[in-house]
1. Determine the calculated [θ] at 222 nm for the chain from helices alone, applying -39500 (n - 2.57) to every DSSP H run no shorter than 4 residues and normalising by the residue count; nearest 500 deg cm²/dmol.
2. Mind checking which of 73, 236, 88 has the largest fluctuation in a GNM of the chain, springs on alpha carbons under 10 Å?
3. For the chain, how many pairs of lysine residues have a Cα-Cα distance under 12 Å, where the two are 8 or more positions apart or belong to different chains?
4. Given the options 169, 42, 82, which has the most mean-square fluctuation in a GNM of the chain, springs set between C-alpha atoms less than 10 angstrom apart?
5. Tell me, 222, 23 in order of fewest to most beta-carbon neighbours within 10 Å?
6. Once a ≥ b ≥ c are taken as the square roots of the eigenvalues of the Cα gyration tensor of region 168-207, is the result rounded (a/c under 1.5), prolate (a/b larger than b/c) or oblate (a/b not larger than b/c)?
7. Under the classification rounded if a/c is under 1.5, otherwise prolate if a/b is larger than b/c and oblate if not, where does region 60-191 fall, given a ≥ b ≥ c as square roots of the Cα gyration tensor eigenvalues?
8. So what are the ³J(HN,Hα) numbers for region 217-227, from phi and the Karplus equation (6.51, -1.76, 1.60; θ = phi - 60°), rounded to whole Hz, Gly and Pro as x?
Amino acid sequence: MRKPLIVGNWKMNKTSSEARVFLREFAQSHNGSSQAEVVIAPPFTALESVRTALGSSSWIALGAQDLHWEKQGAFTGEISGPMLRDLGCSYVIIGHSERRTLFGERDADVQKKVRAALACGLFPILCVGESLTEREAGQTEVVITNQLSAALDRLTDNDLGTVTIAYEPVWAIGTGRAATTDQAVEVHHSIRTFLSKGWNTGAASAMRVLYGGSVSPQNAALLLNASGIDGALVGGACLNPDSFATIISAAKPKSVH
Ligand code: PGA
């Protein structure tokens, strides 16, 4: 069984006081027992307050939205893996399409970030996805395979087993137009095939492959029940406690094929 993983990516939303309010309301919307593992990835500035509000025995894990590949040094404005670990993070989102398109992050940077996360014991959530133009040109599989090969280059089976992949079609992010289950299942299948060709089948089949892009309380059950979809990376809908709680409740464990 792969335990589903639901990740709430707050992006550049919520101050630390707003984060506290969110968590208070969320505790009322959700009864705290879940068949899914849940991660909240607030902005760096709210990590501390989310950690404190969750408490040390929380069933919700803390994630960051990015990291720099160096541990420390003269990198103004950047945040390193050890800093995130120190704040209680266990996950880090890497290579989100907004980082790639708005901030010029390249595959080579993504690869360094994946390695940096693994080196300090953070679980990477590696985002891959095609643009609409790429999809319309029939390039989806090749784009995703290239992103995966660059980011996961020469990882050991052990390392690979701790990585989560998030398939996020760029055209579905923040547009209200989620991929259909058929579209998502097709790409998830090709991601699994890619992983099982390059690594030990045990490691590859234990990995979770999430779907992200306009996941909502309305479409979550359909997407999360689809074959090979092991959870969701949620943006807009995770900012509302009720919506996030509904999405979490839609996640059920699946057998490994
Ligand atoms: P969205 O964002 O749910 O608002 O489409 C998903 C993401 O960017 O991770």
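1. -12000 deg cm²/dmol
2. Largest GNM mean-square fluctuation: 73.
3. Close lysine pairs found across the chain: 4.
4. 82
5. 222, 23
6. Verdict is prolate for region 168-207.
7. In terms of gyration-tensor shape, prolate.
8. Residue by residue, region 217-227 yields x, 6, 9, 4, 4, 4, 5, 6, 7, 5, 4 Hz.
Only the coordinates and a few stated rules stand behind these numbers; no lab work does. Please read all numbers here as calculations on a predicted model, not as lab measurements. Every residue, glycine among them, receives a Cβ derived from its backbone with ideal geometry; neighbour counts consider all protein chains shown.
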